[in-house]
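What follows is a set of notes on a single structure, which appears directly below.
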Ligand SMILES: O=CC(=O)O
C-alpha cells in the first residue's frame, strides 16, 4: 500500500518463491513505501513517476531499458549479494542510476558452504544418507569409501574475501592450500593462512585434490574452466563451484565427469538456475548440487537487507552510498 510520506521502492514481490521474506518486508515498510511488480504493472503511469529506488532481491525484478524508461525518478538499484553480473552497469549509468551491492557480509557463509560442499562430496554424505534411510540398508558398508579432506591439497581460484575465508577454514583442516589470482598476489594473506601462490593456473589444477572456484564472473572468467583445464586436473580431483555457473563450461564438465576425467563436482551454482530437470548433471552420482544458497542464513540475509536499506537511504538524501558499485 502507498504511504505518501515514505519514498517509493519497487520490489519484485513479497513472500512467494523468490520474494522478499515477509518478516523483512515489515522492516522495510518502516522506511519505504514498497511497490510490488504486480502493483506497478497495474498502474505504470502513476507509480512509474513515484518510484525512486529498486530493491533487487536475488536478481529480481529484471531491469531492462523499457523499465528504466518508465521510471524517470529512479536514483538507485540496491542489489542483494556480491555478484553484479546480472546488471548492465553501462545501461544504468546512462540513465544516471547508481548501483549498490552487499559485498562483505556474504563471505563467511559462502566460505562455509564451500567447505560443506567439499566435505559432503568427498565423504559422500548424500549417498550415505540415502543408504542409512533405505529399507535394505547395510550398516558399516565395508566397500564404501570416501576421500579424505584433512591433509589433502585445496586449490582456490580467486583469493578474494570469500576465497581467503575458505583458506582460513582449510588451514584448520590441515590442508595444503594453493591459490591463483589473475591479477594480484597478496603475500600478507598468503602467509597468514600458509597458502602457496600459483602464478600459472595450470600448476594449481595439476596439483589439487579439490579445486574451489571463488572468482567473480567477468568477461575474463567466463568459462575459465573448460575441457583443457579439466584435463589438467587429477582423475581423483573434485571441482567445487561457489562463484557463478558460467565460470565453468558446463558441457565440458558433463563430458569430463562422464569420462572420469575428474572424479566429482560439487556445485552451488549452475547455468541456468535451476537446471532443466532432465539435465545430465542432475542424474550423476558423482555430482552434488545445491540451489545457489551460499549466503542463505538468517543473520546474513538480515544484514544484507540492512545494507540495501542504508544504500537506498543514502542515495535518496544525496549522501555517499556505503556499498556503491562503481563502473
Ligand atoms: O550469489 C550470491 C552473491 O552474489 O552474493
Go through region 163-186 and give me each residue that's in contact with a strand residue (DSSP E or B) (Cβ under 9 Å, 6 or more places away or on another chain) and not in a loop (DSSP other than H, G, I, E, B).
-> 163, 164, 166, 167, 170, 171, 176, 177, 178, 179, 180
How many residues does region 246-287 contain that are over 30 Å from residue 84 (Cβ atoms) and exposed (fewer than 13 other Cβ atoms within 10 Å of the Cβ)?
-> 6
Restricting region 45-63 to residues that are under 27 Å from the mean Cα position of the chain (by Cα) and outside any strand (DSSP E or B), which is surrounded by the fewest Cβ atoms within 10 Å (Cβ to Cβ)?
-> 62
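Go through region 273-300 residue by residue and tally those that are free of Cβ contacts under 8 Å to residues at least 24 places away in the same chain and either outside any strand (DSSP E or B) or within 12 Å of the ligand (Cβ to nearest atom) (or both).
The first filter runs over region 273-300 and keeps only residues free of Cβ contacts under 8 Å to residues at least 24 places away in the same chain, leaving 274-279, 282-283, 289, 291, 298-299.
So of that shortlist, the ones also either outside any strand (DSSP E or B) or within 12 Å of the ligand (Cβ to nearest atom) (or both) come out as 274-279, 282-283, 291, 298-299.
The qualifying residues number 11.
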Could you grab me the full set of residues in region 82-95 that are out of contact with any strand residue (DSSP E or B) (no Cβ under 9 Å at 6 or more places or on another chain) and within 17 Å of residue 66 (Cβ to Cβ)?
-> 88, 90, 91, 94, 95
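Can you spot a residue in region 129-136 that is within 16 Å of the ligand (Cβ to nearest atom), over 25 Å from residue 238 (Cα atoms) and surrounded by fewer than 16 Cβ atoms within 10 Å (Cβ to Cβ)? Before you say what the answer is, go through the steps one by one.
Of the residues in region 129-136, the ones within 16 Å of the ligand (Cβ to nearest atom) are none.
No, there is no match, as no residue in region 129-136 is within 16 Å of the ligand (Cβ to nearest atom), over 25 Å from residue 238 (Cα atoms) and surrounded by fewer than 16 Cβ atoms within 10 Å (Cβ to Cβ).
Does residue 242 count as within 21 Å of the chain's Cα centre (by Cα) and either more than 21 Å from residue 106 (Cβ to Cβ) or crowded, with 18+ Cβ neighbours inside 10 Å (or both)?
On the way: within 21 Å of the chain's Cα centre (by Cα): yes; either more than 21 Å from residue 106 (Cβ to Cβ) or crowded, with 18+ Cβ neighbours inside 10 Å (or both): yes.
Answer is yes for this residue.
Restricting to region 217-243, name every residue that is more than 18 Å from residue 273 (Cβ to Cβ), in contact (Cβ under 8 Å) with a residue 24 or more places away in the chain and touching a helix residue (DSSP H, G or I) at 6+ places or on another chain (Cβ under 9 Å).
First pass over region 217-243, keeping only residues more than 18 Å from residue 273 (Cβ to Cβ): 218-220, 224, 226-238.
Cutting the leftovers down to in contact (Cβ under 8 Å) with a residue 24 or more places away in the chain gives us 218, 220, 224, 226-227, 229-238.
Within region 217-243, 224, 226, 227, 229, 230, 231, 232, 233, 234, 237, 238 qualify.
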Members of region 81-101 that are under 11 Å from residue 54 (Cα atoms) and either surrounded by fewer than 18 Cβ atoms within 10 Å (Cβ to Cβ) or within 16 Å of the ligand (Cβ to nearest atom) (or both) | 99, 100
What number of residues in region 187-216 are assigned to a loop (DSSP other than H, G, I, E, B), touching a helix residue (DSSP H, G or I) at 6+ places or on another chain (Cβ under 8 Å) and surrounded by fewer than 20 Cβ atoms within 10 Å (Cβ to Cβ)?
-> 1
Tell me, which residue of region 64-80 that is assigned to a loop (DSSP other than H, G, I, E, B) and surrounded by fewer than 18 Cβ atoms within 10 Å (Cβ to Cβ) is nearest to the ligand (Cβ to nearest atom)?
-> 64
Select from region 102-122 the residues that are touching a helix residue (DSSP H, G or I) at 6+ places or on another chain (Cβ under 7 Å) and assigned to a helix (DSSP H, G or I) and write down the one among them that is farthest from the ligand (Cβ to nearest atom).
-> 120
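The numbers here are math on the coordinates, done by the rules we state, and not lab data. Please read all numbers here as calculations on a predicted model, not as lab measurements. A quick note on method: Cβ atoms are made from the backbone with ideal geometry, for glycine too, and the neighbour counts reach across all protein chains shown.
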